[in-house]
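These notes concern the structure reproduced below.
The values are calculated or read from the model by the stated rules, or taken from the named source; none is laboratory data. In this text the structure is predicted, and so the values were computed from the model without any measurement. Note: ideal-geometry Cβ built from the backbone for every residue, glycine included; neighbour counts use all protein chains shown.
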Amino acid sequence: MSDLNDNLRSIVRTLKGYVDKGALDGSAVGMEEPEHFSYFPKFRKPLNFFKSFKGKFVAVDCSTKPLMRGNRFGVYLLRVAYASVDPSEKENPVMWGTSPLQERSYAAIGDEISRKHQLERLRFEYESELAETLLLQLDLSDYLLLDGASYFGRPEDRRFALALYEKARKRNLNFLTISKNSPSLVDEKGRDLISQIAVGMPTATACVYHPIKELKADPHKNRFGDGSLVKLNSESFRVFRCDIMDYLAEGNIVQLLSPLTSISGDPRCLGYPVALYLAHDFAKVSSDAKLLYCRDLLEKALANEGLLDSLKMEEALSNFRSELYGLRYPWELEEYKLV
């Protein structure tokens, strides 16, 4: 028991140091350098609550499932989907549709990090292409929402397509990118920025924190939107990064963002725009029968070329740990291990 107490005291000391002093050393997330921010509460503004809104919120997302995976290769099924939510429609507020881009298979060669970057580039590419086809369906009162930050161009850096931004700008469309999580944003002490700000945000209202001078639109960095932080439901503690395209950022930010409150009250994702949740849900391939069918087609194609035995051998040898946990297929893994 003494050893356990000593261990807990050590953990408490470590976490107290993080809360009080931050984590400036070793605070980089993945391969990205963290951005450090100063917080000024005077830039926080309350949003107006909209029970309904006459306009559509169209969101696009892309999912990935591995069909076969070894240490140095992977084959994946990608599905891109969109959801359109009109809060003023009481009977059929949600619409979605098929697309030529709906499903594609892709083989990636390289280690886990290399394959992750390849898949990220593909997801951004497919989302951008589908979003472009949807632009013509949008009126000036409608919104286009994407999951991520407002980086466009340079596909080697995993960005949305610049053509998508340019077409939306020409029509002056309400175009926002909203990130589920932004781990690279840290405060001046190296602590998670969003959680630090969320603690100080009023619980009884929705609000926006803008401008963030360190997150101003900067075409030289391929960032074409101003970063803001939004709390979209008074009953939720959740705060999200919301990037506002530069051609909209000089306008009335409260007026621009307040309609999002009309689609951020769904209990399945309280505080998060339900259109983005539904696009994510529609894009998921959760049917084992579907995945088994795709796997079977893949194995037959590989067998016809005399490749199946070699690749299955690598897959079996590299996934023994998963086998110990009773997992037979790569799509049964936790999401963070899907590559």
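Checked against (1) in a strand (DSSP E or B); (2) out of contact with any strand residue (DSSP E or B) (no Cβ under 9 Å at 6 or more places or on another chain); (3) of a type outside the set (Ser, Thr, Tyr), residue 175 passes all but a single condition, namely (2).
When residue 180 is tested against the conditions (1) over 21 Å from the mean Cα position of the chain (by Cα); (2) of a type in the set (Lys, Arg); (3) modelled with pLDDT under 95, the lone failure is (1). Residue check: is residue 172 out of contact with any helix residue (DSSP H, G or I) (no Cβ under 6 Å at 6 or more places or on another chain) and more than 25 Å from residue 255 (Cβ to Cβ)? Criteria not met by residue 172.
Only one entry of 217, 283 meets the criterion of being at pLDDT 90 or above, touching a Phe, Trp or Tyr at 6+ places or on another chain (Cβ under 7 Å) and of a type in the set (A, V, I, L, M), and that entry is 217. In summary, helices (runs of 4 or more DSSP H) completely within segment 248-339 and bearing 2 or more residues that are charged (D, E, K, R) and within 16 Å of residue 68 (Cα to Cα) occur at 288-304, 308-318, 320-324. Within segment 181-231, the residues that satisfy the criterion of being among the hydroxyl-bearing types (Ser, Thr, Tyr), surrounded by fewer than 17 Cβ atoms within 10 Å (Cβ to Cβ) and more than 27 Å from residue 17 (Cβ to Cβ) are 203, 205. Evaluate segment 98-121: report whether one residue or more is aromatic (Phe, Trp, Tyr), without any contact (Cβ under 8 Å) to a residue 60 or more places away in the chain and either surrounded by fewer than 18 Cβ atoms within 10 Å (Cβ to Cβ) or assigned to a helix (DSSP H, G or I) (or both). Yes, segment 98-121 contains a residue that is aromatic (Phe, Trp, Tyr), without any contact (Cβ under 8 Å) to a residue 60 or more places away in the chain and either surrounded by fewer than 18 Cβ atoms within 10 Å (Cβ to Cβ) or assigned to a helix (DSSP H, G or I) (or both). Close Cβ contacts (under 9 Å, 6 or more residues apart or on different chains) running from residues in segment 36-57 that are in contact (Cβ under 8 Å) with a residue 24 or more places away in the chain and assigned to a helix (DSSP H, G or I) to residues that are of a type outside the set (Asp, Glu) and exposed (fewer than 14 other Cβ atoms within 10 Å of the Cβ) comprise 41/200. Checking 270, 297 one by one, the residue that is surrounded by fewer than 23 Cβ atoms within 10 Å (Cβ to Cβ), free of Cβ contacts under 8 Å to residues at least 12 places away in the same chain and within 27 Å of residue 333 (Cα to Cα) is 297 and no other.
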